[in-house]
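Notes follow the structure.
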Amino acid sequence: MSEYLTSGIARRAVSLATAGFIAFGGVVMLAPTVSADDYERTPDEVIEQIEARAWPVYSVDQPGPSPDIDAAVYFLNSLDYDLPDDFDPGDEYSEGVAEMVSQFEADAGTIEENGVLETETWVKLRNTLFPTEADAFQIGDEGPAVIAIKFLLNAKFGADLDVTDDVYDEDTAAAVEVAQEESGIGVDGAYGRMTFKCSITKPEVGVPEEKCVDEEALTDEGSVDDEELEPVEESDDEKAPAGHGYY
């Protein structure tokens with residue numbers, strides 16, 4: 001994983017090491033940390049609604065075009081996968097993109113290697129980019145992942161960000177805040193797990209949302225089936241709050 005992708009984890013570690021311990025009467029206490037997407041201020045029903053949305057599917061046979069494809073390519077590029085020679089933003093899903101996705105799937109080792117950008121691939125990509133709910137891109141980060149974020153914010157939320165600039169600046173944070181507020185997510189301007197899921201599964205501006213829920217990913221009780229999707233890999237002290245079925 002490239003340096004800026006681990007910055008969320010590193011920032012959290014540094015904050016815990018430098019400012020997270022407070023002494024009271026000789027007792028060392030751990031100060032609470034702030035999580036990306038501000039889960040604490042996001043209603044459970046909003047989280048459930050976003051997590052129930054169907055991930056889009058793209059392949060050589062279902063080529064788009066779509067900003068989701070552009071974003072996926074740049075997110076994968078941020079994980080050190082080379083940009084395909086036949087890739088241009090706004091183009092359809094190419095053979096080169098399929099090979100890039102297939103390589104990611106092969107390296108993952110836990111999902112089918114078929115070169116199709118589908119549920120299992122999106123889930124693995126999200127878990128790789130954001131291992132815990134505390135991980136996020138925010139002001140000061142830079143690289144291909146920031147370009148991916150800008151493509152999504154422009155297409156899905158009507159932002160007007162410069163996609164040739166790979167720096168997560170104040171304008172980017174402001175656009176993320178707009179997206180979070182519109183989606184009912186706790187506003188903090190940091191692009192984390194939930195904002196990722198929301199921006200990938202939301203239709204482009206002006207396109208009606210025909211289907212929000214993936215019925216095949218739901219159990220009879222209407223919750224996400226955690227046996228079908230890969231759970232978040234978290235350390236014992238970074239478990240998601242009970243009731244949040246993150247994928």
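The values are calculated or read from the model by the stated rules, or taken from the named source; none is laboratory data. The structure presented is a predicted model; accordingly, all values stated were derived computationally and were not measured. Positions of Cβ are backbone-derived with ideal geometry, glycine not excepted, and every protein chain shown enters the neighbour counts.
In the set (1) of a type in the set (Val, Ile, Thr); (2) farther than 23 Å from Glu204 by Cα; (3) in contact with a Lys or Arg (Cβ under 6 Å, 6 or more places away or on another chain), Thr132 fails one condition alone, (3).
The residue that is surrounded by the fewest Cβ atoms within 10 Å (Cβ to Cβ), counting only those in segment 55-110 that are among the β-branched types (Val, Ile, Thr), over 15 Å from Ile200 (Cα atoms) and in contact (Cβ under 8 Å) with a residue 40 or more places away in the chain, is Thr110.
There is no residue in segment 148-164 that is among the polar types (S, T, N, Q) and within 17 Å of Leu79 (Cα to Cα).
The set of residues from segment 143-169 being in contact with a helix residue (DSSP H, G or I) (Cβ under 6 Å, 6 or more places away or on another chain) and touching a residue at least 40 places away in the same chain (Cβ under 8 Å) comprises Gly143, Pro144, Ala145, Ile147, Ala148, Phe151, Leu152, Leu153, Ala155, Lys156, Phe157, Val163.
Table: residues versus (1) at pLDDT below 95; (2) under 18 Å from the mean Cα position of the chain (by Cα).
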site	(1), (2)
Ile9	yes, yes
Ser15	yes, no
Leu30	yes, no
Thr33	yes, no
Arg41	yes, no
Ala54	no, yes
Glu95	no, no
Ala98	no, no
